[in-house]
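Report on the following structure.
The values are calculated or read from the model by the stated rules, or taken from the named source; none is laboratory data. What you see is a predicted model, and the numbers here were worked out from it, not measured in a lab. Neighbour counts run over all protein chains shown; Cβ positions are idealised from the backbone, glycine included. Just the protein is used for accessible areas: all its heavy atoms, side chains included, with ligands, DNA and RNA removed. Shrake-Rupley method; radii C 1.70, N 1.55, O 1.52, S 1.80 Å.
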Amino acid sequence: MTSRPRTAPRSASKCCSCSPRRSCRRSRGRSPDARGDRRAPGVVAAATARRGRFQRFRRRPRRRRRPGAGGPGGARSTFRRQQPRLGGSGLASRRWCLPHRSAGGEPGTHAPVRRDQGLAPPRVGRGGRPRGPATRLRTGDVAVTEHFTRLGLREQIGALTRGEVGARSLAAATVDRVRRVNPLLNAACATFDAEARADAGSGGRLAGVPVAVKDTFALPWYAPKDATPVAYRRPGAGASGVFRRLRDAGCTVAFATNMHQLGFGTTGHVSAYGPCRNPWDVTRCPGGSSSGSAAAVAGRLVPLAIGTDAVGSVRIPASYCGVTGLKPTWGTVPSDGCAGASSMMAIGPITRDAADCRLATEVLLSKSLPPGNRRPRIGLPVDAYWSDVEPGVLAACRRAIEDLGEAGCEIVEITLSGSVDVARTAATVLGAERLARMTPHWRRTVLPTLHPTIQRALEASRGVPEHEVGRARAARQAARDELEATFESVDLVAWPTVPTPPPLLDRPRAALPSGTVSADLAAMRTTGLANLTGVPAITVPCGLDRDGLPVGLMFHAPWHQEGVLVDAAELLEQVTERRWVDREPSAGAMPATAWQVS
């Protein structure tokens, strides 16, 4: 009996950029040369010997169909390729060989796609039809997922509701985009990939929407640091009230944002994580202390970020970065679990436009803000807050006020005494409250690790006598009484959010008509009144200065009248045809690779 000649072993090939393995379905049946295998015979033999490592790609045993199910007698059998499972948490280094149309390539060629790009291998049901939420996006098409990460808050909610994108895919793609863009902006200080995927898809008004929170809110898995080298508490010690509100709404917390250390600054260039950068010009400050929150929204990393506002810490960075930021009435958002809570601090959202801001504020306040149609009566304190403003900022804000007047709003000039030194009063009150919370353990562990400028600020607060603190508190009450009387004659009070454009990172100074001063003093002079009095305030993009940097206009409303503020912001967007809220940072400010899929 003659033995049957043994066939030569099938050589392993590298049909794409995946690891060497048995020939894939696209190249099976072709010779090694036809498949492009140009390796030496010894390399091919070694790869063939190692092919047992890739047993997950083997065929399953033949399975007979029931009679009549697969043709006459059921003789036809089917083969099903075993699919890798998607279990586990965190990032995976596994690569998948998927159809992909790459730049400059031909359709149908292979390209490696990693699971940490927010994509998953296709899950196939009977008949080869895709099933499950992982196939709502076209697998392997990174540009599709990238598109959804750049949408606004309402657009992302619509895409999730219509099933155009899955919540887990969106969360993973957001984290991936943050990791690619963050080296340029330094807006994020910690990303939560596994936690974001686990929380994605829960019910609520914002179900599945990825958001960011400032590095001052406690999360169940993350201890805030306030941009210091030392965490204040153990991870898992508790969740903040803001996280509970976001969780109840169905949000996915994707990352924590950078900030000015301890919230003691309005520039964002002092942080244990390094300085945060402005998406409009990476050589300039993004504002503070919620610097990373504003930079993340302006950089199209997330549609919503949460910050805190003690002396304009939400409105200043929102104005510098060309987005919308709202400071609610003091005490309306729970501040438990927030490291920087004080009698002047309020927690507010930063979004791209007023409609998104309305939705986010409703979630944080747990109440409805129905839109109104009445044109407000707006007061302008010309002597107090419209003087000593940089000419480019002043011109943009005056044009916005004129547009509102043409739209039917009544514009009147009012008088605010300006007798209160807002910046000095706010700094005195905040310093006294911060010193009261400095425990001996905090002084031993955290204080020595702080930036020298922050240490000097705390030492200066320690040297303030008690009678000065009492005088500051009395001036605070006087400012509250004066503003309450002002709101009896007008609905809103408006002036420029910040009197100058964003300062340079290496020289944070403000060039005012009266002279060059510290950027902190210039910004606190216009934003601190809302914190001293507790009234709500909002900043809205209203134009660009001579250098193409964004300018913000700020509105103040009576206590608990956040709806009136959002109505005014939407009206300003309408009369300006959304020229400023829809404008993205200029192409020259950020390299094209930061906006494109890498």
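For (1) open to solvent by less than 20 Å² (accessible area, probe 1.4 Å); (2) touching a Phe, Trp or Tyr at 6+ places or on another chain (Cβ under 9 Å); (3) modelled with pLDDT of 95 or more, each residue gets a yes or a no:
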{"position": "V363", "(1), (2), (3)": "yes, no, yes"}
{"position": "S366", "(1), (2), (3)": "no, no, yes"}
{"position": "P371", "(1), (2), (3)": "no, no, no"}
{"position": "V389", "(1), (2), (3)": "yes, yes, yes"}
{"position": "L394", "(1), (2), (3)": "no, yes, yes"}
{"position": "I401", "(1), (2), (3)": "yes, no, yes"}
{"position": "L404", "(1), (2), (3)": "yes, no, yes"}
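The residue pairs whose first member lies in the range 405-429 and is among the basic types (K, R), whose second member is open to solvent by less than 30 Å² (accessible area, probe 1.4 Å), and whose beta carbons are closer than 8 Å, counting only pairs six or more residues apart or on different chains, are R424/A472.
Hey, among the residues in the range 178-203 that are modelled with pLDDT under 90 and of a type in the set (G, A, S), which one's surrounded by the most Cβ atoms within 10 Å (Cβ to Cβ)?
Step by step, filter the range 178-203, then rank; the result is A200.
Residues considered: G312, G288, G307. Of these, the only one that is under 24 Å from L532 (Cα atoms), out of contact with any Leu (no Cβ under 7 Å at 6 or more places or on another chain), open to solvent by less than 10 Å² (accessible area, probe 1.4 Å) and without any contact (Cβ under 8 Å) to a residue 40 or more places away in the chain is G288. State which residue pairs qualify: first residue farther than 10 Å from A167 by Cα and inside the range 195-214, second residue open to solvent by 50 Å² or more (accessible area, probe 1.4 Å) and among the acidic types (D, E) in any location, beta carbons under 8 Å apart, and separation of 6 or more residues or different chains. Listed pairs, sorted by first residue: G204/D248.
Looking only at residues of the range 463-477 that are surrounded by 15 or more Cβ atoms within 10 Å (Cβ to Cβ) and closer than 28 Å to V564 by Cβ, we find that the one that is farthest from the chain's Cα centre (by Cα) is A475.
For the range 497-508, enumerate the residues that are touching a strand residue (DSSP E or B) at 6+ places or on another chain (Cβ under 9 Å) and either under 25 Å from L404 (Cβ atoms) or of a type in the set (D, E, K, R) (or both). Across the range 497-508, the qualifying residues are T497, V498, P499, T500, P501, P502. Considering (1) under 22 Å from G268 (Cβ atoms); (2) in contact with a strand residue (DSSP E or B) (Cβ under 6 Å, 6 or more places away or on another chain), the lone condition that P381 does not fulfil carries the number (1). Against the test of being open to solvent by 20 Å² or more (accessible area, probe 1.4 Å), touching a helix residue (DSSP H, G or I) at 6+ places or on another chain (Cβ under 9 Å) and of a type in the set (A, V, I, L, M), the options A249, A295, A254, A272 yield a single qualifying residue, A272. Contact map, the range 505-527: first residue more than 22 Å from K327 (Cβ to Cβ), second residue open to solvent by less than 20 Å² (accessible area, probe 1.4 Å) and in a strand (DSSP E or B), Cβ cut-off under 6 Å, separation 6 or more or different chains; pairs are V517/A510. Could you please find all residues in the range 275-285 being open to solvent by 10 Å² or more (accessible area, probe 1.4 Å) and more than 28 Å from Q455 (Cα to Cα)? Of everything in the range 275-285, those that are open to solvent by 10 Å² or more (accessible area, probe 1.4 Å) and more than 28 Å from Q455 (Cα to Cα) turn out to be W280, D281. Residues in the range 509-548 that are assigned to a strand (DSSP E or B) and touching a strand residue (DSSP E or B) at 6+ places or on another chain (Cβ under 9 Å): how many? Looking only at that region, the number is 14.
The set of residues in the range 487-508 being open to solvent by less than 10 Å² (accessible area, probe 1.4 Å), assigned to a loop (DSSP other than H, G, I, E, B), among the hydrophobic types (A, V, I, L, M, F, W, C) and under 27 Å from H260 (Cα atoms) consists of V498 alone. When restricted to residues that are among the polar types (S, T, N, Q), surrounded by fewer than 21 Cβ atoms within 10 Å (Cβ to Cβ) and either within 21 Å of L151 (Cα to Cα) or out of contact with any His (no Cβ under 9 Å at 6 or more places or on another chain) (or both), the range 320-334 contains 0.
Residues in the range 219-235 that are modelled with pLDDT under 90 and either among the aromatic types (F, W, Y) or open to solvent by 50 Å² or more (accessible area, probe 1.4 Å) (or both): 4 in all. Restricting R444, R456, R480, R434 to residues that are without any contact (Cβ under 8 Å) to a residue 60 or more places away in the chain, in a helix (DSSP H, G or I) and surrounded by 13 or more Cβ atoms within 10 Å (Cβ to Cβ) narrows the list to R480.
Confirm whether S598 is at pLDDT below 95, open to solvent by less than 70 Å² (accessible area, probe 1.4 Å) and either touching a helix residue (DSSP H, G or I) at 6+ places or on another chain (Cβ under 7 Å) or not acidic (D, E) (or both). Here the answer is no, as S598 does not meet what is asked.
I need the full set of residues from the range 523-548 which are closer than 20 Å to A395 by Cα, touching a helix residue (DSSP H, G or I) at 6+ places or on another chain (Cβ under 9 Å) and surrounded by fewer than 24 Cβ atoms within 10 Å (Cβ to Cβ), in order please. Write out each step before concluding.
Residues of the range 523-548 that are closer than 20 Å to A395 by Cα, as a first pass: 523, 525-527, 538-548.
When the remaining residues are screened for being touching a helix residue (DSSP H, G or I) at 6+ places or on another chain (Cβ under 9 Å), the result is 523, 525-527, 538-547.
Scanning the range 523-548 gives G543, L544, D545, R546, D547.
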